[in-house]
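The values are calculated or read from the model by the stated rules, or taken from the named source; none is laboratory data. These figures come from a predicted structure and were not determined experimentally. All Cβ positions, even for glycine, are placed from backbone atoms using ideal geometry, and neighbour counts span all protein chains on display. We work out accessible area using only protein heavy atoms, side chains counted, and drop any ligands, DNA or RNA first. Shrake-Rupley method; radii C 1.70, N 1.55, O 1.52, S 1.80 Å.
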Amino acid sequence: MDEQSDRGIWSPLDHNDWIRLRTLIFLRWGAVIGQTAAVLAAWSLYDVALDLTLCLTVIGVSVLANLAARFVFPESRRVTQVEMTAMLLFDTTQLALLLSITGGLNNPFALFILVPVTIAATALERRAILFLGVCTIALISLVSGFHLPLVTHGGEVIAVPPLVELGYWLAIVIGVIFLGTYAHGIATEIRSMADALQATQMALSREQKLTDLGGVVAAAAHELGTPLATIKLVSSELADELEGDEDLHADVLLIRDQADRCRDILRSMGRAGKDDLHMRSAPLLAVLREAAEPHMDRGKLLHFDLVSGAERQPLVHRYPELIHALRNLIQNAVDFARSTVWIEAEWTAHEIIVRITDDGPGYAPGVLGRIGDPYLHRRAADRVHRPEYEGMGLGLFIAKTLLQRTGANLRFANSPVPAAEPGAPPRPSGAMVELIWPADRLLAPEGALGENRLIMP
């Protein structure tokens, strides 16, 4: 996964074609069973004179649609947005037709016409939801005006007062709008969070693989040492035997020299791999420099500062998630800094603090309370006041999530950047992120605080 600006816009993963046909078929069978039970109960238990043939014919249309979908398409098939929209529109139309022959809004089960549009709101795009919502309102309006009356076997008409019927229609219309909007918003947020967490896991997995690569290199260097030694030994013996043949002798010497070269390369790789494998902790400043290394030559000055009364700096864990998250935050600062990024660290016996500040335009006021949400986009007001600000997205969410896994508390603010020289007035506010760890979460485990876990700067 390529690193991008934390303040850049990330696009969520594509969720088209993510609903199985089997799920929609199952829901429709549930509707068929419910409709059949309601019609038979009303006719037999409550003495309502329904046209059973017509009612069961309308219900049978859904049965036929389900059977056709079941036998024509595999159950594991994923339906497209258009196909799902068509299926839900069919279900809405079928239910509206059934309501029109069973009393219209005098039928208390008219409420179920909200179900298809609610399902659509959790799975479809906004345009499809709007289309289904308009169709639902149009159909329920037609049903309220054109429907067969509910009549008992004795000829008594069952009807609610006109004002109640109007209120029922209005409640359904409001329900379509409210439930559609609410369900779509919640479903979108859940999907965005799931995508963001998946991307976070991918980033962490990549960093972990890079960390483990050193051990693999050391093991490979060790295993290849024996065959290379054999090649060198055999080539040396052949060289002695072929001293009279200049061409073959030269070839054998070349093989021996190349084997020596391979051995030297593997030794250097093995040393590097072992160093990386055993370097599970490092000085705090070294960790910050490692995180900032990819952004050292991007035309901005990175100023590192250790602010502490102690003479030694702490030895901290080199967690893969820590390195990746700090790198994201530093990249974010470099992207928007005018000229300088300050990376400050201070520590006490109880906590370790890191601040990353840039001299750029800072965070837009409208997003300060929402920083860390995935796929965060700027508001219209922010575009007016901060035209340079392009919104923050998945990168900052990943950094925040990974840092919280290491025990860090994060604070985002617009803060005056450090003065260029001692005694000079502070510069205008820039973006600042402050990270605070409890000392026992970040310090390397060897020894006690103040002994070998603190080393000279």
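Tabulated data for the structure shown
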quantity: Among beta bridges that DSSP assigns inside segment 287-372, antiparallel share in %, nearest 5; calculated: 55 percent
quantity: Burial ranking of peptide ranges 60-66, 136-142 (average Cβ count within 10 Å, highest at the top); calculated: 136-142, 60-66
quantity: Karplus-derived HN-Hα couplings along segment 302-307 (A = 6.51, B = -1.76, C = 1.60, θ = phi - 60°), whole Hz, x at Gly and Pro; calculated: 9, 10, 9, 9, 9, 10
quantity: Pairwise FRET efficiency - E293 versus R338, Cβ, R0 = 25 Å, nearest 0.05; calculated: 0.70
quantity: Tensor-based shape of segment 128-170 (alpha-carbon gyration tensor, a/c under 1.5 rounded, otherwise prolate or oblate); calculated: prolate
quantity: Radius 9 Å from Cβ of E290, net charge of other residues (Lys, Arg +1; Asp, Glu -1); calculated: +2
quantity: Solvent exposure ordering (accessible area, 1.4 Å, most first) of F178, F397, F73; calculated: F178, F73, F397
quantity: GluC sites (Glu not before Pro) restricted to DSSP loop in segment 291-351 with at most 12 other C-beta within 10 Å; calculated: E311
